[in-house]
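Structure first, commentary second.
The values are calculated or read from the model by the stated rules, or taken from the named source; none is laboratory data. Bear in mind that the values here come from a model prediction, so they are computed numbers and not experimental data. Note that we place each Cβ from the backbone using ideal geometry, even for glycine, and neighbour counts take in every protein chain shown.
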Amino acid sequence: MLSTGPQLRLLLLLSCVTLVLLFQVTNAKRDFKSACSTCQQITDNFNKGFDRTAKQNFGGGNTAWEERKLSKYETSEIRLMEIVEGLCDSSSFECNRMLEEHEELFETWWFKRKTKHPDLHKWFCIETIKVCCPKGTFGPDCNACVGGSDRPCHGNGMCDGDGTRGGDGKCSCDHAYKGEFCLDCIDGYFNEVRNDTFSLCTECHTSCKTCTSGATNQDCDECKEGWEEDDQEACVDVNECSTEPSPCTEDQYCLNTDGSYSCKACDKVCAGCTGAGPDNCQACASGYQDTEGNCTDIDECSQPESVCTEEHQECVNTKGSYVCICSSGYEEQDGQCVQTVQPEKEDESEASETTTSPHGEL
């Protein structure tokens with residue numbers, strides 16, 4: 001029997017080996033998908049380059065002579081090289097590595113296979129270097145995705161590894177669908193049409209948490225929160241605003257919505273309210289008074305008893321309040337209105353000048 005020390009070391013070693021293997025498997029799956037993506041990019045760029053050079057020639061002065069003597073530009077090695085030069089960005093390591101490893105295959109296809117195999121992606125990526133699979137298939141052997149290669153995941157999701165030599169073929173279902181085959185509906189949706197190969201999930205009525213047969217509020221199996229079943233077994237809105245006490249604070253009013261509610265601020269003239277505006281106040285805020293059902297501003301400055309009691313003060317009314325200011329010719333100093341000091345006027349004296357005749361008296 002092993003001692004505790006060797007046992008622990010063995011367990012740690014096994015754990016490390018397992019983690020390494022998992023890491024390698026994960027990376028391998030990622031690499032398969034990445035390799036196919038790179039190959040797709042290369043063949044897409046090749047097709048773009050092929051279109052770009054469709055109307056070009058050798059660029060010399062006598063094109064007819066060149067084509068007669070050097071073969072046509074359309075099928076020439078020069079055109080091939082011009083296309084190949086534009087397949088990868090200089091910064092794309094994976095693209096340039098794949099191109100460098102398989103550059104001779106482009107020559108083979110260009111001169112010997114193009115006529116019989118016009119689809120470069122299929123010939124190069126799928127059939128020759130085998131980093132991709134046909135659409136609707138996945139994995140090393142290009143097995144059909146769940147639901148078949150024509151409609152992976154029965155048309156309601158994405159097959160993991162679709163079109164690559166990686167992935168496990170499991171479905172990632174679109175919104176509204178769930179299950180291994182993406183034929184079942186999530187909560188809030190029901191199968192409007194369903195058979196072994198096709199499913200159409202339609203949204204339930206907004207009041208339903210679940211439903212199975214229709215899109216009305218009478219088709220709910222269970223009502224959503226904020227809704228309740230009535231006497232006709234239909235889900236109807238719960239009016240949270242009718243409950244006592246109100247779910248809102250004193251300076252807010254409750255606004256009911258389908259399946260919920262919201263709290264809105266009362267008008268600033270109100271001290272509590274039942275709705276928006278100054279005509280829905282439960283009471284008027286300080287500085288306001290009820291005038292025929294509306295809360296209106298109190299003009300404190302027009303009251304019989306003056307609210308500004310200090311000497312040389314004037315009252316200025318504001319919404320919901322008032323302010324006391326010093327009268328004209330006065331300014332506030334230490335809480336008192338004192339007369340403004342006027343700058344002394346300089347005495348204006350007219351300088352009298354003795355005017356004498358510029359000419360002497362004869």
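Okay, residues lined up against (1) surrounded by 14 or more Cβ atoms within 10 Å (Cβ to Cβ); (2) of a type outside the set (D, E, K, R):
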| site | (1), (2) |
| --- | --- |
| Thr210 | yes, yes |
| Thr216 | yes, yes |
| Cys223 | yes, yes |
| Glu244 | no, no |
| Leu255 | yes, yes |
| Gln282 | no, yes |
| Cys295 | yes, yes |
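Hey, can you tell me all the residues within the stretch 125-161 that are of a type in the set (Gly, Ala, Ser) and part of a helix (DSSP H, G or I)? Listed by number, the list holds a single entry, Gly155.
Among residues of the stretch 154-165 that are touching a residue at least 60 places away in the same chain (Cβ under 8 Å), those with a beta-carbon under 8 Å from a residue that is in a strand (DSSP E or B) at least six positions away or on a different chain give the pairs Gly161/Phe138; Gly163/Cys132; Gly163/Thr137; Gly163/Phe138; Thr164/Cys132; Thr164/Phe138; Arg165/Cys132; Arg165/Phe138. Here the stretch 259-295 is the region considered, the condition is being in contact with a helix residue (DSSP H, G or I) (Cβ under 9 Å, 6 or more places away or on another chain) and not in a loop (DSSP other than H, G, I, E, B), and the residue that is nearest to Ser321 (Cα to Cα) is Tyr288.
Across the stretch 317-339, a minimum of one residue is classified as in contact with a His (Cβ under 9 Å, 6 or more places away or on another chain), outside any loop (DSSP other than H, G, I, E, B) and surrounded by fewer than 13 Cβ atoms within 10 Å (Cβ to Cβ).
Tallying residues that are surrounded by 12 or more Cβ atoms within 10 Å (Cβ to Cβ) and either among the polar types (S, T, N, Q) or touching a residue at least 12 places away in the same chain (Cβ under 8 Å) (or both) within the stretch 225-238 yields 7. You will find that of Phe46, Phe32, the residue that is modelled with pLDDT of 50 or more and within 22 Å of Thr137 (Cβ to Cβ) is Phe32 and no other. Can you find a residue that is hydroxyl-bearing (Ser, Thr, Tyr), over 30 Å from Cys254 (Cα atoms) and modelled with pLDDT under 95 anywhere in the stretch 277-291? The answer is no; no qualifying residue exists.
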